[in-house]
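The next block holds one structure in the form of structure tokens; read it before the comments.
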Amino acid sequence: YHDLATVFYPIPLHDNLEIKRLNEQDEPYRLLLSGNKIEGNPESNLIVRVYNDLKQEFNLPPLDIHLYKRIPTGAGLGGGSSDAAFMIKMLNENFSLGLSVEEMERMAVTLGADCAVFIQNKPVFAEGIGNVFSPIELNLSGWFLVLVKPDDFISTREAYSAVTPCRPLYDLKDLVADSLET
């Protein structure tokens, strides 16, 4: 991990995540993945990790989990991280786990540095490894966002491993505020 300074801004792009009680009791969960292809072992999927972690602490029933993947993978858009955060929130709400926002954020950051931002899912200035948030006034409504996704897949780990940290020339908070006012 590197210390960073960044702005997270939610955009209207999402995957669909659905959970239902599984009638059969012989398996703890059943996972159905559809939509965009997800690389890797389904057992290591963050939503499965969330379920398994919370099942150790709470009495969760067996679940039928369906993830329809719409957010492109390998694009740095936080698709897997947002899925994990929303799984935490869904389980907390649907099974009355009583987790506070802070507790959900602490759990989320153990899954990935950017997972915690999706618990509140609002614009924030992030520092540390991307898990120390401070509010930021940022409204991009009325602006056009263009997403260009090449066919190349780059894992977040791979991308950050090529970064050489350095001190920025400008304060990011000031830069964001100034550039939106012009």
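The values are calculated or read from the model by the stated rules, or taken from the named source; none is laboratory data. A quick note: this is a predicted structure, and the numbers were derived from the prediction, not measured. All Cβ positions, even for glycine, are placed from backbone atoms using ideal geometry, and neighbour counts span all protein chains on display. Side chains included, ligands, DNA and RNA excluded: accessible areas come from the protein's heavy atoms. Shrake-Rupley method; radii C 1.70, N 1.55, O 1.52, S 1.80 Å.
Considering segment 96-121, the residues that are out of contact with any strand residue (DSSP E or B) (no Cβ under 8 Å at 6 or more places or on another chain) and of a type in the set (D, E, K, R) include one that is most open to solvent (accessible area, probe 1.4 Å), namely 106. Remark: pairs (first residue in segment 75-89, touching a residue at least 24 places away in the same chain (Cβ under 8 Å); second residue open to solvent by 10 Å² or more (accessible area, probe 1.4 Å) and of a type in the set (Phe, Trp, Tyr); Cβ separation under 7 Å; 6+ apart in sequence or on different chains) = 78/118; 81/118; 82/118; 85/118; 86/118. So, residue 178, is that one among the acidic types (Asp, Glu), more than 16 Å from residue 5 (Cα to Cα) and surrounded by fewer than 17 Cβ atoms within 10 Å (Cβ to Cβ) or not? Yes. Among the residues of segment 82-95, just one is open to solvent by less than 20 Å² (accessible area, probe 1.4 Å) and over 13 Å from the mean Cα position of the chain (by Cα), namely 91. Could you tell me whether segment 71-81 includes any residue that is modelled with pLDDT under 85, farther than 25 Å from residue 40 by Cα and open to solvent by 40 Å² or more (accessible area, probe 1.4 Å)? Looking for residues that are modelled with pLDDT under 85, farther than 25 Å from residue 40 by Cα and open to solvent by 40 Å² or more (accessible area, probe 1.4 Å), one finds none in segment 71-81, hence no. Does segment 134-152 include one or more residues that are in contact (Cβ under 8 Å) with a residue 12 or more places away in the chain and under 30 Å from residue 58 (Cβ atoms)? No, that holds for no residue.
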